[in-house]
Amino acid sequence: MPGTCILSLDCESKWGMADALSAAHDAQFTNDSIADIYQWLLARFEQTGIPATYAFVGAMTTPQETFVNDWLPQLTANPEHAAWLARLIQDIRDNQVDGWFVPSVLDEIQSASVPHEIATHGFTHLPMQNISEASLALEAAGINDWAARNALELKTLIYPRHYVDMRLLEAVPSLLGYREHPYNGKDPDLRIKLGNLAGEFYPFPPSRRDVSTLTRPAIIPVNFFLNWRAGARRWVPTSLTVQRFRHALAHAAKHDGVVHWWFHPHNLMTGKDQRALFEQCLALLHDAKESRRIEVMTQIQYLESKAPQRVA
Ligand SMILES: [Zn+2]
């Protein structure tokens, strides 16, 4: 049996940092730059035939007018959303919304020749850390509305900032499972961040065993973040990250393991030499796929392949 590689993408543009946007973000995150980087990435998948799970913040691919008319009043009236989206609400008032609404990227992924999975990463990226019933209901309603407008049947979920809230799976019944917390911890505090950074220097990471819970909710293992070459992380040599990925894939091929590779598409425009790093890793994955050492799956293909009769 070949090993398995899953590639999932947290697609969020400014929404993922709604509470921490800087002037540098405003300069980098424009509708054009986001559309460009998603096109660049999609073209690499078209060239290699590699499918990915694109987990979107629904509001990011909602037309601005639809969002403002149908969602903004409700969200503004809900205290947790009003706090999370304070910067967006101001930007809409100031008519400075570049980098928030980019519906074209979803259309392009849906019309690609490679069958990518579209998953959900929340409606507004509100972190589900002890949120109220009203906030949970609004996120779920937003996700369901986004899915209906775009004719999507959402099967998998990536929680914003990895805060797991089972109520969301109940409120979006088509969802079968979610990607596990990548750091095996709770809050991404400094100790965990330092541990993660140290891990980037370990050249021989193993693959994961297939440990999914195969009944709903299924938990999808994750283990390989494409090092984002910014801040202290830019000192991790690209050659080392490539070596780590090569090792993880070889381990998966040998032990019937899983390598779940993940990153944010916008990292490709904000990390130093990030695109070259991605292309080198993608070439390794393409080779492993062509030589049948690794089977590349989306999150839902992974769940369905493991136990189709038990995922229901
Ligand atoms: Zn996110």
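So the values come out like this:
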| item | result |
| --- | --- |
| Those residues of segment 41-55 which are exposed (fewer than 15 other Cβ atoms within 10 Å of the Cβ) and among the charged types (D, E, K, R), in sequence order | E46 |
| Matching residues, segment 205-220, being in contact with a helix residue (DSSP H, G or I) (Cβ under 9 Å, 6 or more places away or on another chain) and either at pLDDT below 90 or among the small types (G, A, S) (or both) | P205, P206, S207, R208, R209, D210, S212, L214, R216, P217, A218 |
| Selection count, segment 116-136, where residues are outside any loop (DSSP other than H, G, I, E, B) and of a type in the set (A, V, I, L, M) | 4 |
| Residue that is surrounded by the fewest Cβ atoms within 10 Å (Cβ to Cβ) [pool: residues in segment 1-35 that are assigned to a strand (DSSP E or B) and away from the ligand (no atom under 12 Å from the Cβ)] | G3 |
| Spans of helices (runs of 4 or more DSSP H) in segment 251-312 with at least 3 residues under 20 Å from I37 (Cβ atoms) | 267-270, 274-290 |
| Cβ-Cβ under 7 Å pairs, at least 6 apart or on other chains, segment 112-137 side small (G, A, S), far side crowded, with 18+ Cβ neighbours inside 10 Å and assigned to a strand (DSSP E or B) | A119/T53; A119/Y54; A119/A55; A119/T156; A119/L157 |
| Output for segment 165-196, where each listed residue is under 22 Å from M297 (Cβ atoms), within 16 Å of the ligand (Cβ to nearest atom) and either of a type in the set (A, V, I, L, M) or at pLDDT below 80 (or both) | none |
| Selection from segment 147-161 of residues that are within 17 Å of the chain's Cα centre (by Cα) and either under 19 Å from Q74 (Cα atoms) or part of a helix (DSSP H, G or I) (or both) | A147, P160, R161 |
| Which listed residue, of A86, A52, is at pLDDT 95 or above and touching a helix residue (DSSP H, G or I) at 6+ places or on another chain (Cβ under 9 Å) | A52 |
| Residue list for segment 50-88, restricted to those being β-branched (V, I, T) and within 24 Å of M269 (Cβ to Cβ) | I50, T53, V57, T61, T62 |
| Residue in segment 72-85 that is surrounded by 15 or more Cβ atoms within 10 Å (Cβ to Cβ) and within 15 Å of the ligand (Cβ to nearest atom) present | yes |
| Any chance Q47 is within 24 Å of T270 (Cβ to Cβ) and not in a helix (DSSP H, G or I) | no |
| Failed item in (1) surrounded by fewer than 21 Cβ atoms within 10 Å (Cβ to Cβ); (2) within 16 Å of the ligand (Cβ to nearest atom), with Y38 passing the rest | (1) |
| Scan of segment 115-136 for residues that are surrounded by fewer than 16 Cβ atoms within 10 Å (Cβ to Cβ) and of a type outside the set (S, T, Y), ordered by number | P115, Q129, N130, E133, A134 |
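The values are calculated or read from the model by the stated rules, or taken from the named source; none is laboratory data. None of these values were measured; they are calculated from a predicted model. We place every Cβ from the backbone using ideal geometry, glycine too, and count neighbours over all the protein chains shown.
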